[in-house]
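Everything on this sheet refers to the single structure shown next.
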Amino acid sequence: MTQFGSGVTVPVTVDDSGQSWGFTASAFCSVALDPPLVLVCPARSAESYPAFVKSQRFAIHILGSEHADVAMRFAEKRTDKFEDGRWYQAEDGLPALSGALARVSCVTHAVHDGGDHAILIGRVVHAEVDEAAESPLLYFRRRFLDPVAS
């Protein structure tokens, strides 16, 4: 699967206690236009897994080429993922990343078994796009690429 290049996202949610959770994902895509549905696949082994499958809402950030450090931070097991100064609380009550190419806010539509991952389907309730953003962060052969610099 390393031969398939993909965009990089950081899905986020908040659990019942108010703690923010997030992870790095390349398994993200549009599922349907009517209703607008997207999917993301959290690993069952991730610390954030219970928060995502229990949550009724989450947001997905599509990362720009300048966000490789954010992708790495959210791919690691650590407690300070949101403490780099680029995160703020959005109107929906979920964390938001300044400068993301796009942010898709969802309510949970369905959770399906996906082997060692869950298939989390969200109904899009709001989407924001940063028109000034120039290039996406891409993942190919286990490394991040900037398509503009390549």
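The values are calculated or read from the model by the stated rules, or taken from the named source; none is laboratory data. For clarity, every value in this text was computed on a predicted model and none was experimentally measured. We place every Cβ from the backbone using ideal geometry, glycine too, and count neighbours over all the protein chains shown. These area figures cover heavy atoms from the full protein model, side chains too; ligands, DNA and RNA do not enter into them. Shrake-Rupley method; radii C 1.70, N 1.55, O 1.52, S 1.80 Å.
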| Every pair of residues 6+ apart whose Cβ atoms lie under 9 Å, when the first sits in the stretch 31-60 and is touching a residue at least 40 places away in the same chain (Cβ under 8 Å) and in a strand (DSSP E or B) while the second is among the acidic types (Asp, Glu) and open to solvent by 10 Å² or more (accessible area, probe 1.4 Å) | Ala43/Asp116; Arg57/Asp92; Ala59/Asp92
| Could you say whether any residue in the stretch 92-103 is within 28 Å of Arg141 (Cα to Cα), part of a strand (DSSP E or B), under 14 Å from the mean Cα position of the chain (by Cα) and of a type in the set (Lys, Arg)? | yes
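Each row is one residue, and each column tells you yes or no for (1) modelled with pLDDT of 95 or more; (2) of a type in the set (S, T, N, Q); (3) open to solvent by 30 Å² or more (accessible area, probe 1.4 Å).
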residue	(1), (2), (3)
Ala75	no, no, yes
Arg86	no, no, yes
Glu91	no, no, yes
Pro95	yes, no, no
Ser98	no, yes, yes
Val107	yes, no, yes
Leu120	yes, no, no
| Restricting the stretch 122-138 to residues that are surrounded by fewer than 16 Cβ atoms within 10 Å (Cβ to Cβ) and either touching a helix residue (DSSP H, G or I) at 6+ places or on another chain (Cβ under 7 Å) or among the aliphatic types (A, V, I, L, M) (or both), which is farthest from Asp92 (Cα to Cα)? | Ser135
| said: Among (1) open to solvent by less than 50 Å² (accessible area, probe 1.4 Å); (2) in a loop (DSSP other than H, G, I, E, B), there is one condition Ala71 misses while meeting the rest; what is its number? | reply: (2)
| Given (1) of a type outside the set (Ser, Thr, Tyr); (2) part of a loop (DSSP other than H, G, I, E, B); (3) open to solvent by 50 Å² or more (accessible area, probe 1.4 Å); (4) at pLDDT below 90, number of the condition Phe144 does not satisfy | (2)
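Please indicate, with yes or no, whether at least one residue in the stretch 43-59 is β-branched (Val, Ile, Thr), crowded, with 18+ Cβ neighbours inside 10 Å and either modelled with pLDDT of 90 or more or within 22 Å of Val111 (Cβ to Cβ) (or both).
No: the stretch 43-59 contains no residue that is β-branched (Val, Ile, Thr), crowded, with 18+ Cβ neighbours inside 10 Å and either modelled with pLDDT of 90 or more or within 22 Å of Val111 (Cβ to Cβ) (or both).
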